[in-house]
Each structure stands twice: as structure tokens, then as C-alpha cells.
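The values are calculated or read from the model by the stated rules, or taken from the named source; none is laboratory data. Just so you know, these numbers come straight off a predicted model, no measurement behind them. Every residue, glycine as well, gets a Cβ built from its backbone with ideal geometry; the counts of neighbours run over all protein chains shown. To get the accessible areas, we keep the full protein, side chains included, count just its heavy atoms, and leave off ligands, DNA and RNA. Shrake-Rupley method; radii C 1.70, N 1.55, O 1.52, S 1.80 Å.
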Amino acid sequence: MVVLEQGLSTAMNAKIIGSGSEGIVLAHGYGTDQSIWDKILPHLAQHYRVLVFDWTFSGAVKDPNLFDPVKYTSYEAFANDLIALVDEINLQPVVFVGHSMSGMIGCIASIKRPELFKRLILVGASPRYINIDDYEGGFEKSDIEQIILNIESNYENWATAFASLVVDQKDPLSVDKFTKCLRRMRPEAALHVAKIIFYSDERDIFDKVMTPCTIIQTTSDIVVPKSVAFYMQNKIKGKSTVEIIETDGHFPQLTAHLQLLQVLGNVLGFADLGHN
């Protein structure tokens with residue numbers, strides 16, 4: 001394992017695991033940290049040099065001052081951090097796997113610096129969460145306002161309730177893992193990032209995304225309707241495909257990791273999934 005010893009990558013707990021000539025970047029979503037990838041990391045590390053890291057809002061990042069709400073007002077600032085990390089590891093072009101909000105961050109980064117990215121793999125990603133006209137985001141504006149209010153008024157209670165909604169309840173260990181990750185986040189950072197995500201509308205970026213994309217969606221995700229995956233496929237300029245994993249919830253890397261590895265293996269051309 002290589003721990004990167006430079007400014008941003010050190011602050012973001014960046015590590016490279018595995019060997020091979022090609023790089024793959026695993027970017028976690030809201031409320032989690034790099035440990036969300038633990039079940040698939042050993043398998044990917046047999047084929048790639050895998051970069052894992054924690055976004056600055058994560059509870060796993062030790063310095064709370066790294067998350068500056070003045071800097072992070074949209075996905076663009078995160079995309080700039082991602083570009084800086086990929087530049088530092090010097091493994092480009094990389095395969096980028098972005099979960100949830102990181103899917104959009106990867107798309108934006110790929111528009112800014114297309115030569116850094118060989119493929120985007122978007123897991124449970126969405127450009128917009130609020131329903132509008134003929135677009136199904138999954139939530140009414142009033143739903144989102146209630147979520148923001150609940151985060152503001154009692155973050156701990158909200159974190160517990162939210163985790164049990166978005167992670168497949170048939171996997172209580174995974175529900176517990178996400179709950180603990182969420183609760184490690186500082187409430188003020190959690191609130192700020194939730195507003196960025198839930199009020200975002202990135203639908204107009206897709207016609208600039210030229211990098212080949214694989215869009216991975218579960219059969220039932222309360223956060224992202226299945227129609228969003230096909231909406232993105234239709235709008236993305238580069239070649240894109242949709243892969244549906246037969247499982248519930250927003251976290252296939254926790255609750256259906258073997259199915260996720262199967263899809264990744266098919267897309268990337270490796271078959272060794274191990275047996276655990």
C-alpha cells in the first residue's frame with residue numbers, strides 16, 4: 001500500500017492499493033468514507049492500482065478546517081480536488097468509479113480534463129433529485145425541504161432514520177455501517193453538503209461528457225429512481241450503457257458487492273471475483 005505524501009492527497013487520506021499498470025479511482029458519496037469500498041477493494045487490487053480517498057467533508061478527515069463552505073458551493077470544487085488527486089497519482093488515464101454525488105463530480109472532472117479519464121462508472125448517480133416537468137428526480141421540493149429541516153434540527157436522529165431508508169434493510173450490518181459513517185460527519189458539514197446535493201441540477205452537463213460511461217443502478221433505490229439511469233444514458237454524449245443490479249437500496253458496494261464486482265468485471269474485462 002502506498003500512502004501519498006503530498007498536500008491534498010495526504011489531507012484526504014489518499015492511498016494506492018494493488019498493482020498493475022492501470023489506475024482505478026473509487027470515490028465515495030455523501031455521508032461515507034473510503035471504507036465503503038472495503039468489500040470490493042481486495043478484488044480490484046488484484047488487477048489495478050486502486051486509489052481510495054476521503055472527501056474533505058467526510059468524518060474520516062481529521063482536519064475540520066479542510067472543508068471550507070466558502071470553497072465548496074457546488075460539485076465543481078470537488079471536481080477540482082479530484083483532478084488534483086488524479087494528477088498527483090500520475091496513472092492517467094484512469095477508470096473512475098463514483099458513487100452517488102461522486103458520479104456527477106466525475107462527469108464534471110471529465111469535461112474539464114477528458115484526457116485523465118478512460119471510463120466513468122456511475123453508481124447510483126443522479127443529476128437532479130427534485131421532480132420537474134417530465135423529469136422524475138424522486139422527490140418533491142417539499143420532501144427535500146423536510147430532509148434539510150430534519151438535518152438541521154436533529155442530525156443524529158435523521159442519520160439513523162436516513163440510513164435505514166437508503167440501505168437494504170435485509171442487511172442490518174450495512175445499515176449500521178452507513179449509520180456510523182453518517183454520524184461521524186460534522187453536522188454543519190453534513191447540512192452544507194446535503195444542500196449542494198439535493199438542490200443540484202446538473203442535467204445540462206451531459207452533452208459535454210465524451211468519456212465512455214457505465215451507469216450502474218439497483219432495481220429499487222429510494223434515492224434515485226431507475227428512470228434516472230436511462231435519462232443519463234440518453235443525454236450523455238459519449239458511449240454509455242446501463243447495468244441494473246438485482247438488489248434494493250442505494251449501496252450495492254455494501255449489500256450486493258459480488259454482483260457489483262461481476263458488472264465491473266464484465267465492463268473492465270477481468271473475471272476474478274474471489275470467493276468471499
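Of note:
- Ordered from highest to lowest accessible area with the whole protein assembly present and a 1.4 Å probe, TYR155, TYR199, TYR231 read as TYR199, TYR231, TYR155.
- Relative contact order (%) - criterion: Cα under 8 Å, at least six apart; region: region 45-163: 16
- Candidate values (i) 6, 24, 30, 17, 9, 8, 5, 1; (ii) 6, 26, 34, 23, 9, 2, 0; (iii) 7, 31, 40, 20, 2, label of the one derived for P(r) over Cα pairs in 10 Å bins from 0, in percent: (iii)
- Entries in LYS118/LYS208; LYS39/LYS180; LYS118/LYS195; LYS39/LYS177; LYS170/LYS195; LYS62/LYS118 that, when Cα-Cα distance is taken, lie over 21 Å: LYS118/LYS195; LYS170/LYS195; LYS62/LYS118
- Charge-dipole axis of region 84-171 as Lys and Arg at +1 and Asp and Glu at -1 on Cβ define it, positive-most pick from SER153, ALA125, PHE96: PHE96
- Using a probe of 1.4 angstrom and keeping all protein chains present, the accessible surface of the chain works out to 41 square angstrom per residue.
- Of the trypsin sites (Lys or Arg not before Pro) in region 19-101, those whose Cβ has at most 14 other Cβ within 10 Å and which sit in DSSP loop: LYS62, LYS71
- Protection-proxy order for peptides 112-123, 163-174, each taking the mean of Cβ atoms within 10 Å per residue, highest first: 112-123, 163-174
- Whole-percent carbon and sulfur share, accessible surface of region 143-211, 1.4 Å: 54
- Take the Cα of GLU22, step 7 Å toward its Cβ, do the same at ASP133, and the gap between the two points is 3.8 nm.
- Estimated from helical segments only, the mean residue ellipticity of the chain at 222 nm is -12000 deg cm²/dmol, where each DSSP H run of four or more residues counts as -39500 (n - 2.57).
- Surface composition of region 1-118: carbon plus sulfur atoms hold 53% of the accessible area, using a 1.4 angstrom probe and ignoring ligands, DNA and RNA.
- Our coupling estimate for region 159-164, obtained by passing each phi through the Karplus curve with A = 6.51, B = -1.76, C = 1.60 and θ = phi - 60°, is 4, 5, 5, 5, 4, 6 Hz, Gly and Pro reported as x.
- Rounded to the nearest 20 debye, the dipole magnitude of the chain is 480 debye, with +1 charges on Lys and Arg beta carbons, -1 on Asp and Glu beta carbons, and the Cα centre as origin.
- With all protein chains modelled, accessible area of THR241 [1.4 Å, Å²]: 50
- Label-point separation in nm, LYS62 to SER74, each point 7 Å along Cα→Cβ: 3.4
- Potential extension, ARG113-THR219 segment - 0.36 nm per residue separation minus Cα distance: 34.9 nm
- Region 56-109 - percent relative contact order, Cα under 8 Å, separation 6 or more: 35
- Over the chain, relative contact order from alpha-carbon pairs under 8 Å, at least 6 apart, %: 18
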